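Here's the structure, in structure tokens; my notes come after.
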């Protein structure tokens, strides 16, 4: 089996798990959808994702259960049964081992916890092809949607690196599992972001690129160990959204939109770049909505939003 066949087999298993997370899942089920023996499926799954299928399913079920307990008024027993735990006691033990807090206590006052937010293996494969910039690129005449939005005064809970200038270097320094912790912050104003920090927000010896989540200016909740919280001023950002993309075009979609932004002249619409005022940031790339990146701006003339080019 070559590497690409392995990637496709693991992706098929991930997709099957996502579709059947609330049902019993056997190794035979995964073997059938991947097209290989149970032994071989287990081996390549752990090789590429770092967890056995059983460990992966358990962690994913506990994460989805935690989100239900955080966001809905539900009974612990009902959540346990919905995610294929036989008893509330067994669910409570598993939840406590995974997150260090009982599900009942978490539902009453949810602190940030390390959720398990796995990336589809095909996305990982394409994103980590560091030589992708030299790959043959498809011609593109894609429409990009541009709008200016207001960001209020707020705080940012973030995890810094030391030398990272982009996502790749950040994951090498910090690891990629910080995203699950950021996703767990109930008071978040928006979804987590990867961001490039202006000099004014970077203490000496810290990285240009970081990951974080924005919370209200009056946030007084917990800040997880190893993270910090800083103030961000009110600002305007110009948001660029590319077209939807297929998994195979994941890396290309990011590169194309980044190039469009770098070539874009905001003065045509009454703005100037304001890269020292606030962080430039990216949202998690998701094919159904296209890649989204935002860059801070200042108004210098008349404003136009919802511009297409």
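The values are calculated or read from the model by the stated rules, or taken from the named source; none is laboratory data. Predicted model, so just to flag it, every value in this text is computed and none were measured. Here the Cβ positions follow ideal geometry from the backbone for every residue, glycine too, while neighbour counts run over all protein chains shown.
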* Asked: Is one or more of the residues making up the range 152-164 at pLDDT 95 or above, assigned by TED's automatic domain parsing to the domain that holds residue 268, under 11 Å from residue 214 (Cα atoms) and in a helix (DSSP H, G or I)?
  -> no
* To do: Filter the range 106-125 for residues that are assigned to a helix (DSSP H, G or I) and surrounded by fewer than 16 Cβ atoms within 10 Å (Cβ to Cβ) and give the result.
  => 108
* Residue by residue through the range 89-104, note down the ones that are closer than 20 Å to residue 180 by Cβ and loosely packed, with under 13 Cβ neighbours inside 10 Å. => 97, 100
* Structure fact -> All-but-one check, residue 84 against (1) part of a helix (DSSP H, G or I); (2) closer than 24 Å to residue 30 by Cβ; (3) at pLDDT 95 or above, failing number (1)
* Asked: So how many residues does the range 44-56 have that are in a loop (DSSP other than H, G, I, E, B) and exposed (fewer than 15 other Cβ atoms within 10 Å of the Cβ)?
  -> 2
* Structure fact -> Being closer than 29 Å to residue 70 by Cβ and at pLDDT below 95 narrows 221, 212, 242 down to just 221
* Enumeration of residues in the range 221-235 that are crowded, with 18+ Cβ neighbours inside 10 Å and either outside the structural domain of residue 168 (by TED's automatic domain parsing) or closer than 24 Å to residue 148 by Cα (or both) -> 232, 235
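Quick check, is residue 244 within 18 Å of residue 123 (Cβ to Cβ) and either assigned to a strand (DSSP E or B) or touching a strand residue (DSSP E or B) at 6+ places or on another chain (Cβ under 8 Å) (or both)?
When the stated conditions are applied, residue 244 passes them.
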* Based on what the data block shows, is residue 207 in a loop (DSSP other than H, G, I, E, B), surrounded by 17 or more Cβ atoms within 10 Å (Cβ to Cβ) and free of Cβ contacts under 8 Å to residues at least 60 places away in the same chain? -> yes
* Determine whether the range 57-69 contains at least one residue that is loosely packed, with under 14 Cβ neighbours inside 10 Å and either outside the structural domain of residue 212 (by TED's automatic domain parsing) or within 27 Å of residue 185 (Cβ to Cβ) (or both). => no
* Name the residue, out of 213, 185, that is in the same structural domain as residue 242 (by TED's automatic domain parsing), in contact (Cβ under 8 Å) with a residue 60 or more places away in the chain and under 21 Å from the mean Cα position of the chain (by Cα). => 185
* Structure fact -> Scanning the range 257-278 residue by residue, the ones that are touching a helix residue (DSSP H, G or I) at 6+ places or on another chain (Cβ under 7 Å) and either within 14 Å of residue 148 (Cα to Cα) or crowded, with 18+ Cβ neighbours inside 10 Å (or both) total 2
* Restrict the check to the range 71-88 and report whether at least one residue is surrounded by fewer than 19 Cβ atoms within 10 Å (Cβ to Cβ) and under 23 Å from the mean Cα position of the chain (by Cα). => yes
